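Engineer: Please find one structure pasted underneath; my questions will follow.
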Amino acid sequence: MRLPKGFAEWGLVLGTALVTAFALLALVGEFLVGRLAVSNIIHVDGKAYEVPPLLPPGSKLAIGGREYVFIMGTDQLGRDVFARVVSGARFVLTVAFLSTAISAVLGTVLGLLSGYIGGFLDRALSLVMDSMYAFPGLILAIAVAALLGVGVLNISLAIAIVYIPSYYRMVRGVVLSLKSAPFVEAAVVAGASSLSIVTRHILPNVIPQIVALLPVSFADAIITEAGLTFLGLGIEPPTPDWGFDLNKGRQFFLAGYWWIGAFPGLMIILSVLGFLLVGESLNELLNPRKVEA
Amino acid sequence: MGLKEHILYRLALTPLMLLVLLTLVFVLMRVLPGDPITMLEGKNIPEEVLARRRAELGLDKPLHVQYLNYLYSVFVKLDLGVTALERIPVGYYIAARLPATVDLAIAATAVALSIGVLMGILSARYEESWFSQFARVYSSVVYSIPVFYLGLLLQVGVARPSGLPTTGRLSPINMVLLDSLPVKTGFVLLDSLLNWRLDIAVDYVAHMLLPALTLGVYISGVFTRVTYLSVGEAMVQDYTRAARARGIREWRVVARYGFRNALIPLLTMAGLQVAALLGGAVLTETTFNWEGLGLLVYEGVLKRDYAIVQGTVTIYALIVAIVSLVVDVAYSLVDPRVRY
Amino acid sequence: MAPMKNPSTKVLIAAAVAAIAVIAIAAFMIFRQTSPETPPAAPPAAPKIKEVLIIGTTDSVQSTLDPCEAYDYLGVNIIQNMGEGLFKYKPETAELVNALAVSYTISSDRMVWEIKIRTDAKFQDGTPLTAQAVVWSWNRTITLNQDPAFLIGDLIEKAEAVGDDTVRVYLKAPFEETYVKSLLATWVAFPVNPKTSPMEVVEPPGTLDMIGPYKLGSWKPGEYIELVENPNYYGEKPKTPRIIIRFYKDAQSLRLAVENGEVDIAFRTLSPADIKDLMEKSTLQVVAGPGIAPIRYMVFNLNKEPFNDKRVRQAIAYLIDREQIVNTVFMGKFAQPLYSMVPIGFLGHKDAFKERYGSKPDIEAARKLLIEAGFSETNPLRMELWYTPVRYTPAEPDIAALLKQQLEASGLIKVELKSADWATYRTLMREEKIACWLLGWYPDFLDSDNYVRPFYHSGANAWLRVHYANPEVDRLIDEQVLQPTEQRIQTLERIQDIVADDAPIIPLWQEGQFAVAQPNVKGIVLDYSQIFRYFLLYAEEQG
């Protein structure tokens, strides 16, 4: 094992570290912090204490004989911001993951079909996809979210719909350029079935492109989710969610209570950064550019 | 096919795309619970008044009839209709809001290009330097900051201390003033200059600084990446080496070969971004109270104002079609190898 | 090879950056020097009054400025500054005084009013006000039959002009005196100029010719409205000749605007945290006033289980902690707990819910009722609590979270919070798909009847889908509006007692009115009328 060298390798290491950390957070975070994230009531020895709202980061409070430290302060309802940040990963990252998966799979399948089969199907599908692409993305997500209501699956669907055309276009483009490649023609002449051509010859060439697009897609999904909650469509309280808290934080930011939004915002930036770094570094490592002799 | 045929093909395709889009919008909006009449402020309006108002808007007719009526008015009469509650022509709103969105899109793209190209070229030129690493981190980081937060930070960090305006396109007095002046194109900068009011023009630029910066910085990362990659790629080609061998100075090499290679990807990106921005940067428009198309469409969806949403999306689709076409044309002009 | 002639990209970019920098600096310098007002006069002896005041708001005009159709808060408020009716509210009080009316007599059976009107009032084009104009205006409203028409339509059977200066009104029933006056004071009853008013709704950007201190200057829908003084108004000139009302999309941008001086007054609606912050840390002034627009409440659909069981509703009433909501979300200052649907300050108000259920949550009493109703720890009451996130206050999700916490503190209730945007919310309510939800009420006119009948009278509360029908309450409501004041108060109190016990609706809180303004602005009056009177505002030029 050697140390990572150069930007790409460092980027990959750092990015993977971030992504793994957040994935872990998403999976177990909630269990670590328990009720603190959703309620400001702490039970000690059977008595209920209310934590005051808007405590700045680093506040210490003596409750029932024990000392509690709120390292990231409390929000406008007295809930521990740190706890909310830790458990807030789950919703955002689940939505991002689900929506990326849905749009990647659907977009790829449709793109493969459309590109390979061609003809009327291709033209019709392209038309629909171009129209969807021309539709302002956030508005589409808003409309679908308003239609389906809140919840992980619904929001994921709403966001996924916006990004399907991107995958579709990219995959279709690759398929089109490969369709006339010699090795594909050779396979056709040799009598290979369409399915095997697609899966054995075309798909492998499509995958690197998809992989390159995934992290960006993921990042976009996180940002869109934050945007949706900014506009009032997101999750139900008191479920912690970075996007929701970021928006809440905005309402209190000017009044000086910066910590409510700053910490979730930081988490969003770091998680998006993690994915982008992974994507970029992978891209550079897998498709190395020629270097000067 | 050649460029001319390609253009014609695209133009012919546009009405079709519009049809699909309008159908999509129609279905989406009608499926959403509620209609414009649901949004009437009165709580206990008598049922017969509600029914009458629905009939006035044609909402009592069967859906397919409404659909066909709408298509007819858009494609044949070229009439986008009126808003449901105020009965203001949709065209009026679009004419009022479109210039704001266009201005913002152009300004933001200009900012993004300036920052992006500069940083991209510098980091490609000085490949191993710390600046290059920084630039590449920068391009990822700015994209990860939620844009409305960036806007808020700029409002607090830049505008408050310096006294720069934080919201709107003009100060309210200037807004009223500008609308009372004789020459009107809808574009604030043009109108103020054409009416010999330099002070209003300056006020506009001052107001535009923050939103343009916010959006511009946000998307500059993309341009940085694209420039860096393209210029970097060109720099290691044989023809570049040959040029260096011939004694052409490094900067000239970068400018001539490197940048030229970046032009097409940059153009594509710029086109895509402008089109995306024209879709209305709803979040930025809300943060800065910048009354553009994004806000118009967003409010239309919330108010279930079918006419506004359908009309705005129509215009938006047309713009996207035109912008893509322009990009395609620019492609072929820049790179003679490109064939359609 | 000849060197290529392409301008170096570096130069181009540098030039672009330099140009932007220059423009920015120039803009900054010029902007700072350009006073947004008209050029200040030479140093005057007495301070000059500013010619224009700018008001920022997050409200907007939803439909038209036609008094027969307008129904949203801002639209109505603007009409209140451009027009007047027979009666109006005296500023800083809840008292109705004569406006276009000079005197009136009521027949002994209280069915006929004879109202003498001013002879010196003129419309904007100089046409004098006559009794015929008043009658014509009312007819127009009733004929066009738009949303608020019933306010007049349900009151007046017939109206006729007796000579030029007297209006004879035949009521549909012998309504009580202040009730009639408050209805005649609504914007719907403002006289409009018969010569220039069409028999159809006047759409933006137009309005009608009314009698008031201001008239419409210009209107750019969605962006601003400009009012200018009306030279033909019979009464006192407005203190500030021009008012610009600028619309903002959210509370944050409004706060920034008032902080950096872009607007002189911010009214409706800044967030409590921002108002508190500005009160404590800035030189801006914060003016407060009693607020009832809107009052907030929780409503049940009594056709749906388990809310058809009175004990469940009463248990919930015992569990709600209004003070926690007011202290946490409204920082203790910006709202008041509300213990009756008849707000504080209105005829007959009593804190009925406080008397019945106490002001602090009583978990024991709630548990007892819930257990009686058949619920237990293993079989808790499962309910959905619905709210809409944007329409009333941005803190709505927080309020819902607090309510959930309060209800679940009983140990016998499990609350699932649900939300929808306003259009969906209303539709769900109308289609009776929700059983328990939060709502708000803006008064149509300022009389206790408007806080009682639309909610509790089975003949008038269909819109609410509460399905509450109590014949005794119906009878009492029908009676109170016809009784003389003393008796009316007692009847209203009785009604409040009954509905507190039945608890089909639980009143929660009322928010105050708050205006944040530059220090030199005077004349901000926020009173029970909920009318923001622009014509009282003025500010002295600074410097």
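The values are calculated or read from the model by the stated rules, or taken from the named source; none is laboratory data. Because the structure is predicted, anything quoted here is derived from the model rather than measured. When we count neighbours, we look across all protein chains shown, and the Cβ atoms used for this are built from the backbone with ideal geometry, even at glycine.
Engineer: Can you tell me how many residues in region C:123-148 are among the hydroxyl-bearing types (Ser, Thr, Tyr) and part of a helix (DSSP H, G or I)?
Structural biologist: Residues flagged as among the hydroxyl-bearing types (Ser, Thr, Tyr) and part of a helix (DSSP H, G or I) within region C:123-148 amount to 3.
Engineer: Still on this structure: State yes or no: is residue A:26 buried (at least 17 other Cβ atoms within 10 Å of the Cβ) and touching an Asp or Glu at 6+ places or on another chain (Cβ under 7 Å)?
Structural biologist: no
Engineer: Could you say which residue among B:39, B:17 is in contact with a Ser or Thr (Cβ under 7 Å, 6 or more places away or on another chain) and on the phi < 0 side of the Ramachandran plot?
Structural biologist: B:17
Engineer: Shifting gears a bit: Anything in region B:16-67 that is more than 31 Å from the chain's Cα centre (by Cα) and among the acidic types (Asp, Glu)? List them, or say none.
Structural biologist: Across region B:16-67, the qualifying residues are B:41, B:47, B:48, B:56, B:60.
Engineer: Please enumerate the residues belonging to region B:301-310 that are part of a helix (DSSP H, G or I), in contact with a helix residue (DSSP H, G or I) (Cβ under 6 Å, 6 or more places away or on another chain) and within 11 Å of chain C (Cβ to nearest Cβ).
Structural biologist: Listed by number, the residues that qualify are B:301, B:308.
Engineer: Follow-up. Given the condition modelled with pLDDT under 90, facing chain C (nearest Cβ under 9 Å), part of a helix (DSSP H, G or I) and surrounded by fewer than 14 Cβ atoms within 10 Å (Cβ to Cβ), answer yes or no: does some residue in region B:51-65 qualify?
Structural biologist: No: region B:51-65 contains no residue that is modelled with pLDDT under 90, facing chain C (nearest Cβ under 9 Å), part of a helix (DSSP H, G or I) and surrounded by fewer than 14 Cβ atoms within 10 Å (Cβ to Cβ).
Engineer: Are any of the residues in region B:144-155 within 14 Å of chain A (Cβ to nearest Cβ), of a type in the set (Val, Ile, Thr) and either part of a helix (DSSP H, G or I) or within 30 Å of residue A:261 (Cα to Cα) (or both)?
Structural biologist: Yes: region B:144-155 contains one or more residues that are within 14 Å of chain A (Cβ to nearest Cβ), of a type in the set (Val, Ile, Thr) and either part of a helix (DSSP H, G or I) or within 30 Å of residue A:261 (Cα to Cα) (or both).
Engineer: Continuing with the same structure: Being without any contact (Cβ under 8 Å) to a residue 60 or more places away in the chain and under 22 Å from residue B:131 (Cα atoms) is the filter; apply it to region B:231-250 and report the residue that is surrounded by the fewest Cβ atoms within 10 Å (Cβ to Cβ).
Structural biologist: B:249
Engineer: Can you tell me which residue in region B:179-218 is nearest to residue B:96 (Cα to Cα), limited to those that are among the β-branched types (Val, Ile, Thr) and modelled with pLDDT of 85 or more? Steps first, please.
Structural biologist: Of the residues in region B:179-218, the ones among the β-branched types (Val, Ile, Thr) are B:183, B:185, B:188, B:200, B:202, B:205, B:214, B:217.
Checking the rest, the ones that are also modelled with pLDDT of 85 or more come to B:188, B:200, B:202, B:205, B:214, B:217.
Details: B:188: 10, B:200: 17, B:202: 20, B:205: 18, B:214: 23, B:217: 26 Å.
Among residues in region B:179-218 that are among the β-branched types (Val, Ile, Thr) and modelled with pLDDT of 85 or more, the one nearest to residue B:96 (Cα to Cα) is B:188.
Engineer: Could you tell me whether residue B:166 is at the interface with chain C (Cβ under 9 Å from one of its Cβ atoms) and part of a loop (DSSP other than H, G, I, E, B)? Can you show your working first?
Structural biologist: Working: at the interface with chain C (Cβ under 9 Å from one of its Cβ atoms): yes; part of a loop (DSSP other than H, G, I, E, B): yes.
So residue B:166 passes the test.
Residues checked against (1) among the hydroxyl-bearing types (Ser, Thr, Tyr); (2) in a loop (DSSP other than H, G, I, E, B); (3) crowded, with 23+ Cβ neighbours inside 10 Å; (4) touching a Lys or Arg at 6+ places or on another chain (Cβ under 8 Å):
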{"position": "C:80", "(1), (2), (3), (4)": "no, no, yes, yes"}
{"position": "C:85", "(1), (2), (3), (4)": "no, yes, yes, no"}
{"position": "C:91", "(1), (2), (3), (4)": "no, yes, no, yes"}
{"position": "C:97", "(1), (2), (3), (4)": "no, no, no, yes"}
{"position": "C:104", "(1), (2), (3), (4)": "yes, no, no, yes"}
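Engineer: While we're on this one: Looking at (1) free of Cβ contacts under 8 Å to residues at least 40 places away in the same chain; (2) within 14 Å of chain A (Cβ to nearest Cβ); (3) in a loop (DSSP other than H, G, I, E, B), can you tell me which one residue C:308 breaks?
Structural biologist: Status for residue C:308: all satisfied but (2).
Engineer: Do you know which residues across region A:120-150 are out of contact with any Pro (no Cβ under 7 Å at 6 or more places or on another chain), more than 7 Å from every other protein chain (Cβ to nearest Cβ) and over 27 Å from residue A:244 (Cα atoms)?
Structural biologist: A:120, A:121, A:122, A:123, A:124, A:125, A:126
Engineer: Among the residues in region B:252-266, are any facing chain A (nearest Cβ under 9 Å), buried (at least 19 other Cβ atoms within 10 Å of the Cβ) and either free of Cβ contacts under 8 Å to residues at least 40 places away in the same chain or acidic (Asp, Glu) (or both)?
Structural biologist: No: region B:252-266 contains no residue that is facing chain A (nearest Cβ under 9 Å), buried (at least 19 other Cβ atoms within 10 Å of the Cβ) and either free of Cβ contacts under 8 Å to residues at least 40 places away in the same chain or acidic (Asp, Glu) (or both).
Engineer: Something else now. What helices (runs of 4 or more DSSP H) lie completely within region A:112-212 and have 2 or more residues being crowded, with 20+ Cβ neighbours inside 10 Å and not basic (Lys, Arg)?
Structural biologist: A:119-134, A:137-148, A:152-179
Conditions (1) in a loop (DSSP other than H, G, I, E, B); (2) modelled with pLDDT of 90 or more; (3) touching a Lys or Arg at 6+ places or on another chain (Cβ under 8 Å); (4) buried (at least 21 other Cβ atoms within 10 Å of the Cβ), marked per residue:
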residue: B:87; (1), (2), (3), (4): yes, no, no, no
residue: B:96; (1), (2), (3), (4): no, no, yes, no
residue: B:102; (1), (2), (3), (4): no, no, no, no
residue: B:108; (1), (2), (3), (4): no, yes, no, yes
residue: B:111; (1), (2), (3), (4): no, yes, no, yes
residue: B:117; (1), (2), (3), (4): no, no, no, yes
residue: B:120; (1), (2), (3), (4): no, no, yes, yes
residue: B:124; (1), (2), (3), (4): no, no, no, yes
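Engineer: Ok, one more. What are the residues in region C:323-352 that are outside any loop (DSSP other than H, G, I, E, B) and over 22 Å from residue C:528 (Cα atoms), if any?
Structural biologist: C:323, C:324, C:325, C:327, C:328
Engineer: Are there any pairs with C-beta distances below 9 angstrom linking a residue in region A:7-21 that is under 19 Å from residue A:90 (Cα atoms) to a residue that is modelled with pLDDT of 85 or more and surrounded by fewer than 17 Cβ atoms within 10 Å (Cβ to Cβ), with the two at least 6 apart or on different chains, and if so which?
Structural biologist: These pairs meet every condition: A:18/A:270; A:21/A:270.
Engineer: Within region C:320-330, is there a residue that is modelled with pLDDT of 95 or more and of a type in the set (A, V, I, L, M, F, W, C)?
Structural biologist: Among the residues of region C:320-330, at least one is modelled with pLDDT of 95 or more and of a type in the set (A, V, I, L, M, F, W, C), which makes the answer yes.
Engineer: Still on this structure: Determine whether residue C:411 is more than 18 Å from residue C:434 (Cβ to Cβ), part of a loop (DSSP other than H, G, I, E, B), in contact (Cβ under 8 Å) with a residue 12 or more places away in the chain and of a type outside the set (Asp, Glu).
Structural biologist: Answer is yes for this residue.
Engineer: Could you run through region C:418-475 and say how many residues are within 8 Å of another protein chain (Cβ to nearest Cβ), outside any helix (DSSP H, G or I) and closer than 16 Å to residue C:340 by Cβ?
Structural biologist: Matching residues across region C:418-475 total 1.
Engineer: Out of the residues in region A:256-266 that are out of contact with any Gly (no Cβ under 7 Å at 6 or more places or on another chain) and surrounded by fewer than 21 Cβ atoms within 10 Å (Cβ to Cβ), state the one that is nearest to residue B:147 (Cα to Cα).
Structural biologist: Applying the filter and picking the extreme gives A:266.
Engineer: May I pose another question? Anything in region C:130-170 that is closer than 17 Å to residue C:83 by Cβ, touching a helix residue (DSSP H, G or I) at 6+ places or on another chain (Cβ under 7 Å) and either among the acidic types (Asp, Glu) or away from every other protein chain (no Cβ under 14 Å) (or both)? List them, or say none.
Structural biologist: Those that are closer than 17 Å to residue C:83 by Cβ, touching a helix residue (DSSP H, G or I) at 6+ places or on another chain (Cβ under 7 Å) and either among the acidic types (Asp, Glu) or away from every other protein chain (no Cβ under 14 Å) (or both): C:138, C:167.
Engineer: Could you tell me how many of the residues in region C:200-231 are more than 14 Å from chain B (Cβ to nearest Cβ) and in a strand (DSSP E or B)?
Structural biologist: 4
Engineer: State which residue is nearest to the other protein chains (Cβ to nearest Cβ) when the search covers only region A:29-80 and only residues that are in a helix (DSSP H, G or I) and without any contact (Cβ under 8 Å) to a residue 40 or more places away in the chain.
Structural biologist: Restricting to residues being in a helix (DSSP H, G or I) and without any contact (Cβ under 8 Å) to a residue 40 or more places away in the chain, the top hit is A:35.
Engineer: Of the conditions (1) more than 13 Å from the chain's Cα centre (by Cα); (2) assigned to a helix (DSSP H, G or I); (3) at the interface with chain A (Cβ under 10 Å from one of its Cβ atoms); (4) buried (at least 24 other Cβ atoms within 10 Å of the Cβ), residue B:313 fails just one. Which one is it?
Structural biologist: (1)
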